[in-house]
Amino acid sequence: MHRLSVDIAGVLIGRFDKLSDKKREDERSRIAYLLRQAIPNDTPVLDHLPNGRPILSSTHNISISHTGQWGAIYIVPPPFIPGIDIEEVSDRALRVCGRFMNDKEMELLTSASLEQQQLLSTIIWSAKETAFKIFNPPDANLQARFDTSLPSTLPSEGDLFSFGLTYSKPYHPALSITIQAVYTEGIVLTCAQYAPAID
């Protein structure tokens with residue numbers, strides 16, 4: 001495994017050799033390995049709620065993500081709910097940007113150079129996937145529910161940066177989180193955590 005070092009507490013990310021022809025088994029093996037690295041003594045068991053959210057047999061909360069040969073986990077203490085997403089930079093997000101980007105984000109995208117559009121659309125897609133994992137909204141309408149506040153100029157490769165994301169529906173006032181992001185080695189990593197209000 002090639003471990004990628006990022007300066008975010010609780011985040012572990014690695015690029016793994018292909019283990020088998022079974023994608024799901026490889027993904028489970030990668031996450032289990034990262035979990036053992038994160039909590040080597042008394043490593044908790046990973047399970048999933050009916051809605052698909054991963055849970056641990058410990059007091060920690062976890063979010064997981066996969067893309068290609070990469071795997072990533074984000075572990076935080078309660079009451080925080082983590083979200084993490086990792087995406088390979090390609091034209092995939094750019095091809096479907098109209099499905100998840102709002103008018104403000106589309107304006108930012110069209111003002112970027114062609115070479116930056118792939119990266120920008122991947123960052124926005126990844127940030128919204130991260131927020132989806134945190135808030136678990138009733139539908140997958142990323143365009144209407146989430147609004148990013150990206151800087152007008154993207155940082156250089158390898159630089160950790162942050163920006164705001166607002167979850168506006170069905171909450172009034174809207175809920176806000178800070179997305180932490182990095183672009184390196186051909187991938188975008190985004191993560192965030194949220195502490196629900198206690199009534």
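The values are calculated or read from the model by the stated rules, or taken from the named source; none is laboratory data. As the structure is a computational prediction, the values presented were derived from the model and not from experiment. Positions of Cβ are generated from backbone atoms using ideal geometry, with glycine treated the same way; all protein chains shown enter the neighbour counts. With ligands, DNA and RNA removed, areas are computed over all heavy atoms of the protein, side chains included. Shrake-Rupley method; radii C 1.70, N 1.55, O 1.52, S 1.80 Å.
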TODO: Working only within the range 122-150, note down all residues that are touching a residue at least 60 places away in the same chain (Cβ under 8 Å) and open to solvent by 50 Å² or more (accessible area, probe 1.4 Å).
DONE: K133, N136
Task: Odd one out for F163, checked against (1) part of a strand (DSSP E or B); (2) in contact with a Pro (Cβ under 7 Å, 6 or more places away or on another chain); (3) open to solvent by 50 Å² or more (accessible area, probe 1.4 Å) - done: (3)
- [ ] Determine if the range 9-24 includes at least one residue that is at pLDDT 90 or above, of a type in the set (S, T, N, Q) and open to solvent by less than 80 Å² (accessible area, probe 1.4 Å).
- [x] no
Open item on the list: Can you pull out every residue in the range 99-121 that is open to solvent by 50 Å² or more (accessible area, probe 1.4 Å) and assigned to a helix (DSSP H, G or I)?
Closed with: R99, D103, K104, M106, E107, T110, S111, L114, E115, Q116, Q118
Open item on the list: On the basis of being open to solvent by less than 60 Å² (accessible area, probe 1.4 Å), closer than 15 Å to L189 by Cβ and among the hydrophobic types (A, V, I, L, M, F, W, C), does L46 make the cut?
Closed with: no
TODO: Mind listing just one residue for me: the one in the range 27-41 that is over 14 Å from M1 (Cα atoms) and aliphatic (A, V, I, L, M) and, of those, surrounded by the fewest Cβ atoms within 10 Å (Cβ to Cβ)?
DONE: I39
Open item on the list: S58 - would you say it is more than 20 Å from C191 (Cα to Cα), surrounded by fewer than 18 Cβ atoms within 10 Å (Cβ to Cβ) and out of contact with any helix residue (DSSP H, G or I) (no Cβ under 8 Å at 6 or more places or on another chain)?
Closed with: yes
- [ ] For residues that are in contact (Cβ under 8 Å) with a residue 24 or more places away in the chain and over 14 Å from the mean Cα position of the chain (by Cα), scanning just the range 175-197, find the one that is most open to solvent (accessible area, probe 1.4 Å).
- [x] E185
Task: Residues of the range 166-199 satisfying the condition of being at pLDDT 95 or above and under 13 Å from P82 (Cα atoms) - done: I177, T178, I179, Q180, T190, C191, A192, Q193, Y194
Task: Residues of the range 122-154 that turn out to be aliphatic (A, V, I, L, M), more than 17 Å from S63 (Cβ to Cβ) and either touching a Phe, Trp or Tyr at 6+ places or on another chain (Cβ under 6 Å) or not in a loop (DSSP other than H, G, I, E, B) (or both), as a count - done: 4
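Here's the yes/no breakdown for (1) within 16 Å of E88 (Cβ to Cβ); (2) out of contact with any Leu (no Cβ under 8 Å at 6 or more places or on another chain); (3) part of a strand (DSSP E or B):
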| residue | (1), (2), (3) |
| --- | --- |
| S20 | no, yes, no |
| D26 | yes, no, no |
| A32 | no, no, no |
| P40 | no, yes, no |
| T43 | no, no, no |
| D47 | no, no, yes |
| G52 | no, yes, no |
| S58 | no, yes, no |
